[in-house]
Each structure stands twice: as structure tokens, then as C-alpha cells.
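The values are calculated or read from the model by the stated rules, or taken from the named source; none is laboratory data. In this text the structure is predicted, and so the values were computed from the model without any measurement. Cβ coordinates were reconstructed from backbone atoms using ideal geometry, including for glycine residues, and neighbour counts include every protein chain displayed.
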Amino acid sequence: MAQAGTFERERQLAAEIEPAVEAAVPGIDVLAVELLSPTRFCVYVDHPDGVDFELCAQVTRLLDRYRNEWTIDVSSPGPERPVRKPEHFQQAVGRAVQLRTAAEVAGKTRFRGAIVAADTAAVSVAANDATYEIPVELIVRGNLIDEG
């Protein structure tokens with residue numbers, strides 16, 4: 001599966017899965033959908049009461065219609081929490097992240113640094129004595145960096 005195709009398929013799956021799961025489970029936040037292989041994806045979820053086995057099982061059952069084509073994993077965000085949506089970036093201002101973009105920004109597709117600002121359109125990341133303004137729509141992967 002080509003990289004660009006992978007990210008496009010992830011976005012399609014996320015667009016289908018996020019609203020369905022978030023409507024069915026009060027308080028849940030679908031953080032990201034990541035393709036792990038051409039036949040396997042992982043849905044990262046968070047909930048104010050925490051993520052336990054029962055919540056993961058509930059989400060897996062909600063995704064039964066995908067099970068003919070896919071192996072499905074459902075996971076808590078973990079210490080390197082996925083950040084993909086504008087609100088995730090806004091909540092992470094001041095935190096270290098690693099980001100990957102679908103196209104070059106200032107000649108790069110990978111960034112590692114601290115989020116210094118974020119809005120609905122772009123994320124500003126300070127890295128290597130420079131600040132990069134990265135359009136949210138170009139970010140295909142983003143995770144907090146566990147500094148613990």
C-alpha cells in the first residue's frame with residue numbers, strides 16, 4: 001500500500017468511524033485511526049473515566065461491520081498520545097510532539113519539537129532553533145513525545 005494511499009484510507013476510515021463511535025458511546029473521543037497493515041487498523045480512544053477492556057470491547061463490537069475485511073485493534077492513547085485534530089493540538093500547546101506531513105513544509109515532512117501555538121488551520125512547532133507553521137490538513141501522523 002503506497003504511503004499516500006495509506007493516509008487517505010486512514011482519513012476515510014476515521015471519517016466513518018469517529019462519528020459513529022462518538023455518537024454511540026457518551027463521552028468517548030476517537031483520537032485516531034491508524035492502518036497497521038493493509039488488513040489491520042487500530043482505533044485510539046480516550047474517555048474521561050479512562051479506557052478499560054470493557055470500553056475497548058464495546059468499541060470493537062460497534063465496528064463489527066468492518067470485521068469481514070479488517071482485523072481491528074482498539075487501544076487507549078498511552079503516553080505517546082495521538083494528536084490529529086485541531087483541538088488535540090490546541091490542548092497540547094507547550095508539549096513536545098513528533099509530526100509527519102503528507103507534503104513538504106519548509107523542505108521537511110517530519111518534525112519533532114514543542115507546539116508553541118495551534119488553531120483550527122495550523123500548528124506552530126519550535127524545532128532546531130526554528131518555528132514551523134504546519135497546516136493541520138497536511139498532518140498525517142502526530143503523537144505526543146513521552147518525556148517521562
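Restricting attention to region 79-117 and to residues that are free of Cβ contacts under 8 Å to residues at least 12 places away in the same chain and farther than 20 Å from T6 by Cα, the residue that is nearest to the chain's Cα centre (by Cα) turns out to be E87.
Would you say V140 is closer than 27 Å to L55 by Cβ and not assigned by TED's automatic domain parsing to the domain that holds D49? Yes. Evaluation of E80 against the conditions (1) outside the structural domain of P48 (by TED's automatic domain parsing); (2) on the phi < 0 side of the Ramachandran plot; (3) at pLDDT 95 or above shows that the sole unmet condition is (3).
Could you list, in sequence order, all residues of region 121-148 that are more than 20 Å from F7 (Cα to Cα) and free of Cβ contacts under 8 Å to residues at least 40 places away in the same chain?
Of the residues in region 121-148, the ones more than 20 Å from F7 (Cα to Cα) are 124-133, 145-148.
Result: S124, V125, A126, A127, N128, D129, A130, T131, Y132, E133.
The residues of region 38-78 that are free of Cβ contacts under 8 Å to residues at least 24 places away in the same chain and polar (S, T, N, Q), listed by number, are T60, N68. Just one of the listed residues (V59, V105) is buried (at least 17 other Cβ atoms within 10 Å of the Cβ), more than 23 Å from D129 (Cα to Cα) and touching a strand residue (DSSP E or B) at 6+ places or on another chain (Cβ under 9 Å), namely V59. With respect to the conditions (1) in a loop (DSSP other than H, G, I, E, B); (2) modelled with pLDDT under 95, A103 falls short on a single one, namely (1).
For every residue, the table says whether it meets (1) at pLDDT below 95; (2) out of contact with any helix residue (DSSP H, G or I) (no Cβ under 6 Å at 6 or more places or on another chain); (3) not assigned by TED's automatic domain parsing to the domain that holds E137.
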{"residue": "A20", "(1), (2), (3)": "no, yes, yes"}
{"residue": "L36", "(1), (2), (3)": "yes, yes, yes"}
{"residue": "L63", "(1), (2), (3)": "no, yes, yes"}
{"residue": "Q98", "(1), (2), (3)": "no, yes, no"}
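Restricting to region 69-100, name every residue that is assigned to a strand (DSSP E or B) and under 14 Å from V33 (Cβ atoms).
Initial filter on region 69-100 (assigned to a strand (DSSP E or B)): 71-75, 82, 96-100.
Result: T71, I72, D73, V74, S75, P82.
The residue list V97, V136, V123 contains one member that is closer than 19 Å to G78 by Cα and of a type in the set (V, I, T), which is V97. Inside region 118-148, residues that are within 19 Å of R81 (Cβ to Cβ) and surrounded by fewer than 17 Cβ atoms within 10 Å (Cβ to Cβ) make up a count of 4.
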